[in-house]
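So the structure is just underneath, and the comments pick up after that.
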Amino acid sequence: MASELSITVSQFLELSGPRPSVISLTSDQSVGEALHTLASNKIMSAPVVAPPDPTRVPTAADHSGKYVGIIDVEQLLFAVIRILRDRLQEHEMEDAPLDPRPPMEQCWALLNEMGDDLFDTRLTELCGHDAGIVFGEWWLDKKLQELIGVGFLRADPGNMFKPAHRVLVCEQESGNVKHVISQSDVVRFVADHPACFEAGVLDKTLEELKFLREGECPEKVVSVNQRMSAIDGFERMETQSVSGLAVLNDEGQLVGNLSASDLRGMGRHEFGDLLMSVEDFTLINKDQVQGYCLPPDATLDCLLQTFKEKRVHRLYVVDERNSPMAVITLTDVMRLLTQTSLVCRLAPF
């Protein structure tokens with residue numbers, strides 16, 4: 001039996017059912033508008049396209065709607081942290097000695113002032129262009145497994161980029177974004193189609209599938225104490241090159257998760273909140289602070305169903321004390337789908 005996901009990307013899109021329309025931003029929009037769009041649609045990123053030319057009737061040859069880049073909350077977060085740190089250091093050296101206010105009040109006011117400036121920044125100044133996630137329409141006839149390997153996992157030789165959470169399929173002539181396919185889409189699909197896996201694989205535990213072995217999970221558990229400031233937590237996230245932090249109490253127990261998505265709901269005058277403790281900051285920006293977790297004897301099916309139902313990008317494996325043993329991300333599931341001993345041929349249903 002051929003060990004591959006043999007359906008095409010086009011068949012995957014058809015079998016996945018109705019899909020929401022592509023949410024995009026125009027390069028002349030502001031960061032504030034982008035954050036509002038991302039938050040209201042509960043998404044982490046969106047393609048940035050050229051704005052329409054109000055003086056012309058659009059044609060296929062126009063650049064109106066053509067992909068020019070992508071804006072990602074994580075990318076925004078790291079840019080914000082770098083800017084904030086530089087400005088705070090500059091303020092400490094030049095302005096702070098002349099400011100009669102207490103240092104914490106100075107920092108709070110400065111962060112809110114910078115947040116105000118950031119909200120008015122145009123996306124053209126911040127959006128990145130990652131050609132590795134852009135695919136032509138001819139990729140719709142490629143196998144889904146190829147898209148997983150080349151698009152999500154960046155399997156091409158010499159590709160130094162980290163794995164991508166989503167890929168874009170663009171029209172050949174116009175360059176307009178036709179489809180956005182995310183790792184979450186694929187995980188939800190395989191969770192609904194057990195025929196993707198060889199018999200018995202879905203009943204294997206996380207331990208049996210080697211998710212808990214050192215070196216098997218590409219994203220190690222990086223943690224932060226709940227009493228640390230949110231800005232320090234986000235800075236640790238950047239320096240450790242991870243997309244989320246386990247939030248621990250003083251006993252080392254998992255009590256929450258800090259990720260780039262916490263920035264998504266911030267308002268124009270709320271950047272001073274980054275000086276709050278992680279515990280207080282996440283309580284403000286999340287419906288609940290408790291992180292999503294699974295025991296080490298949870299099955300692969302349980303993992304997939306939890307990802308599907310919770311719509312999160314990472315799950316923590318915890319011991320009996322609720323201390324994190326490992327973190328499993330959607331990218332780990334993508335790697336699992338490339339293991340030929342676990343995945344079977346998936347014909348159209």
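Among 282, 329, which is at pLDDT 90 or above and not acidic (Asp, Glu)?
Exactly one residue qualifies, and that residue is 329.
Out of 264, 236, I need the residue that is surrounded by fewer than 19 Cβ atoms within 10 Å (Cβ to Cβ), basic (Lys, Arg) and either modelled with pLDDT under 90 or more than 26 Å from residue 41 (Cβ to Cβ) (or both). Which one?
Values: 264 fails: surrounded by fewer than 19 Cβ atoms within 10 Å (Cβ to Cβ).
Answer to the selection: 236.
Need the failing condition index for residue 202 against (1) part of a loop (DSSP other than H, G, I, E, B); (2) more than 22 Å from residue 42 (Cα to Cα); (3) not charged (D, E, K, R), just the number.
(1) is the only condition that residue 202 fails.
Could you list, ordered by first residue, the pairs with Cβ atoms under 6 Å in which the first is in the stretch 20-38 and over 19 Å from residue 271 (Cβ atoms) and the second is among the small types (Gly, Ala, Ser) and modelled with pLDDT of 90 or more, at least 6 apart or interchain?
23/46; 24/46; 25/34; 25/46
Of all residues being in a helix (DSSP H, G or I) and open to solvent by 30 Å² or more (accessible area, probe 1.4 Å) in the stretch 4-26, which is farthest from residue 168 (Cα to Cα)? Just the residue, please. First the steps, then the outcome.
Filtering the stretch 4-26 for residues in a helix (DSSP H, G or I) gives 9-15.
If we keep only those that are open to solvent by 30 Å² or more (accessible area, probe 1.4 Å) too, we end up with 10-11, 14-15.
Values: 10: 13, 11: 16, 14: 16, 15: 18 Å.
Residue satisfying both the conditions and the ranking: 15.
Select from the stretch 170-192 the residues that are more than 18 Å from the chain's Cα centre (by Cα) and closer than 16 Å to residue 68 by Cβ and list them in ascending order.
Scanning the stretch 170-192 gives 170, 171, 174, 175, 176, 177, 178.
For the stretch 180-194, state whether one or more residues are open to solvent by 80 Å² or more (accessible area, probe 1.4 Å), modelled with pLDDT of 90 or more and closer than 26 Å to residue 318 by Cβ.
So far as the stretch 180-194 goes, no, none of its residues is open to solvent by 80 Å² or more (accessible area, probe 1.4 Å), modelled with pLDDT of 90 or more and closer than 26 Å to residue 318 by Cβ.
Just one of (1) part of a helix (DSSP H, G or I); (2) modelled with pLDDT of 90 or more trips up residue 224, so point out which.
Only one criterion is unmet by residue 224, namely (1).
Output the residues belonging to the stretch 30-44 that are open to solvent by 20 Å² or more (accessible area, probe 1.4 Å) and in contact with a strand residue (DSSP E or B) (Cβ under 7 Å, 6 or more places away or on another chain). It would help to see each step written out before you state the result.
Of the stretch 30-44, the ones open to solvent by 20 Å² or more (accessible area, probe 1.4 Å) are 33, 36-37, 39-44.
37, 44, listed by residue number.
The values are calculated or read from the model by the stated rules, or taken from the named source; none is laboratory data. In this text, all values refer to a predicted model and were calculated from it rather than measured experimentally. Here the Cβ is made from the backbone with ideal geometry for all residues, glycine too, and neighbour counts use every protein chain on show. Only protein heavy atoms, including side chains, enter the accessible area calculation; ligands, DNA and RNA are left aside. Shrake-Rupley method; radii C 1.70, N 1.55, O 1.52, S 1.80 Å.
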